[in-house]
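Visitor: Mind looking over this structure? Questions follow.
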Amino acid sequence: MHNTAAIVFRDGITRFVKVGANELLMDAAQRHGVNLPVDCREGVCGTCRCVRESGDVDVEYIDDETLTEEEVADGHVLACQTRLLSTQASFYFDVDSSVCSVATEVHNGKVSEVKQVSDAAAILEITLDDPLQALQYLPGQYARIEVPGTSAWRAYSFATATVKDGKLRFLIRLLPSGVMSDYLRKSAVVGDAISLEAPLGAFYLREVQRPLLMVAGGTGLSAFLGMLDQLENQGGMEQPIRLCYGVTQETDLSELDRLEAFTHSLSDFAYETIVMNPGDGWQGRKGVVCDLFSPDFLAQPFDAYLCGPPPMIEASKQWLETSDVGEYRLFFEKFISS
């Protein structure tokens, strides 16, 4: 029997390692070729410090001068003293992956579905050549996908929590002109060979301990579909979740059926949509995504996750910084259309 630890580095590259019963995180990482920073191995120097972001652990020893009580309370641990008690856990190391001799991995597959789901977005499904190929990621992370027939690579968030039956799913914005957009719109064929580099990114769902505010702009929704998928799979989710989803035109709205399904499968999930420049027939909210923020909901401590274009991210951050809201942690992912 073994547990699984996700090791996330400052540059967003992530490695998943199997951790045996009673095995130290440091030893498990090194056994998988991940050379974490280490010096004393006695819980004294602090060289192997990291932040436990999810999962249960047992920490054997930490010297009083290595980590403060506040740091320990915030989840800081030492890899040389940490054992996993839960089947899954994630740890953030504030060093680049190159320092630990870790490189990205490329996975090969084939296009198994291309479906336009709105005027501005399409679903791309990729089936891995080897369904048993070990591709793991944290919901919210992304892959760099090589556009077939070109030398270009583009980054897109996973739209599901895990690889399912060897399949990966992405929600991709369709631009008037763009290398991936042109491929999906004009030439994509089921069976096309396609490669992707993954997992990448430091934007992912942390352990949920308080209410969640999710803010999606356009196809930034993809990352949240993966997060909600994970919470649905876990079951027993008690913290309330509010998703604010903004687009430019109402024809840009995507995957509303999936969002509606989550309102039934998650005990306290609700979402609202808003359109910046709607047509005359639009009956919903008009404006920017910040107009959907509820001061009552945000009066309590919460975690905020933002994913979308830079102007949306900056506007949301400014709203939170200047409004009378509860204490919060902020995680965000900016993306630029290409």
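The values are calculated or read from the model by the stated rules, or taken from the named source; none is laboratory data. Fair warning: this is a prediction, and the values are worked out from it, not measured in the lab. So basically every Cβ, Gly included, is an ideal-geometry build from the backbone, and we count neighbours across all protein chains shown.
Visitor: What pairs can you find where one residue is in segment 100-121 and over 20 Å from TYR142 (Cα atoms), the other is in a loop (DSSP other than H, G, I, E, B) and of a type in the set (Val, Ile, Thr), and their Cβ atoms are less than 9 Å apart, with a gap of 6+ or different chains?
Guide: CYS100/VAL34; SER101/VAL34
Visitor: Restricting to segment 156-189, give me the number of residues that are among the aliphatic types (A, V, I, L, M) and in a loop (DSSP other than H, G, I, E, B). Break it down into steps so the answer makes sense when it comes.
Guide: Let us first name the residues in segment 156-189 that are among the aliphatic types (A, V, I, L, M), namely 159, 161, 163, 168, 171-172, 174-175, 179-180, 184, 188-189.
Then drop every residue that is not in a loop (DSSP other than H, G, I, E, B), which leaves 159, 161, 163, 174-175, 188-189.
Final tally of qualifying residues: 7.
Visitor: Is it the case that segment 21-28 has a residue that's without any contact (Cβ under 8 Å) to a residue 12 or more places away in the chain and either of a type in the set (Phe, Trp, Tyr) or under 16 Å from LEU84 (Cα atoms) (or both)? Break it down into steps so the answer makes sense when it comes.
Guide: First, pick out the residues of segment 21-28 that are without any contact (Cβ under 8 Å) to a residue 12 or more places away in the chain: 27.
Next cut, either of a type in the set (Phe, Trp, Tyr) or under 16 Å from LEU84 (Cα atoms) (or both) only: 27.
Checking segment 21-28: at least one residue is without any contact (Cβ under 8 Å) to a residue 12 or more places away in the chain and either of a type in the set (Phe, Trp, Tyr) or under 16 Å from LEU84 (Cα atoms) (or both).
Visitor: Which residues, taken from segment 1-13, are more than 13 Å from ALA89 (Cβ to Cβ) and crowded, with 21+ Cβ neighbours inside 10 Å?
Guide: Taking segment 1-13 as the starting set, the residues that turn out to be more than 13 Å from ALA89 (Cβ to Cβ) are 1, 9-13.
PHE9, ILE13 - these are the residues of segment 1-13 that are more than 13 Å from ALA89 (Cβ to Cβ) and crowded, with 21+ Cβ neighbours inside 10 Å.
Visitor: Taking segment 38-56, which residues are surrounded by fewer than 18 Cβ atoms within 10 Å (Cβ to Cβ) and under 26 Å from the mean Cα position of the chain (by Cα)?
Guide: VAL51, GLU53, ASP56, listed by residue number.
Visitor: For LEU171, only one of the following conditions fails: (1) modelled with pLDDT of 95 or more; (2) hydrophobic (A, V, I, L, M, F, W, C); (3) out of contact with any Leu (no Cβ under 7 Å at 6 or more places or on another chain). What is its number?
Guide: It fails just one condition, (3).
Visitor: Suppose the filter is within 22 Å of VAL34 (Cα to Cα) and either exposed (fewer than 14 other Cβ atoms within 10 Å of the Cβ) or of a type in the set (Asp, Glu) (or both); does VAL106 pass it?
Guide: So VAL106 fits the description; yes.
Visitor: Give me the strands (runs of 3 or more DSSP E) completely within segment 34-124, filtered to those with at least 3 residues that are under 17 Å from LEU24 (Cβ atoms), modelled with pLDDT of 95 or more and not assigned by TED's automatic domain parsing to the domain that holds THR162, ordered by residue number.
Guide: On the way: elements: 49-54, 57-59, 76-78, 82-84, 88-93, 106-118.
In segment 34-124, the matching strands (runs of 3 or more DSSP E) lie at 49-54, 57-59, 76-78, 82-84, 88-93.
Visitor: How many residues does segment 213-235 contain that are surrounded by fewer than 20 Cβ atoms within 10 Å (Cβ to Cβ) and in contact (Cβ under 8 Å) with a residue 24 or more places away in the chain?
Guide: Applying the first criterion (surrounded by fewer than 20 Cβ atoms within 10 Å (Cβ to Cβ)) to segment 213-235 yields 230, 232-235.
Checking which are in contact (Cβ under 8 Å) with a residue 24 or more places away in the chain leaves us with 230, 232-233.
The qualifying residues number 3.
Visitor: I'm trying to understand the selection: among the residues of segment 175-217, which are among the aliphatic types (A, V, I, L, M) and closer than 30 Å to GLU238 by Cβ? Walk me through how you get there before you give the answer.
Guide: Residues of segment 175-217 among the aliphatic types (A, V, I, L, M): 175, 179-180, 184, 188-190, 193-194, 196, 198, 200, 202, 205, 208, 212-216.
Within segment 175-217, ALA202, LEU205, VAL208, LEU212, LEU213, MET214, VAL215, ALA216 qualify.
Visitor: Suppose the filter is within 20 Å of the chain's Cα centre (by Cα) and of a type in the set (Gly, Ala, Ser); does GLY326 pass it? Talk me through it step by step, then tell me what you get.
Guide: Numbers: within 20 Å of the chain's Cα centre (by Cα): no; of a type in the set (Gly, Ala, Ser): yes.
For GLY326, the condition - within 20 Å of the chain's Cα centre (by Cα) and of a type in the set (Gly, Ala, Ser) - is not met.
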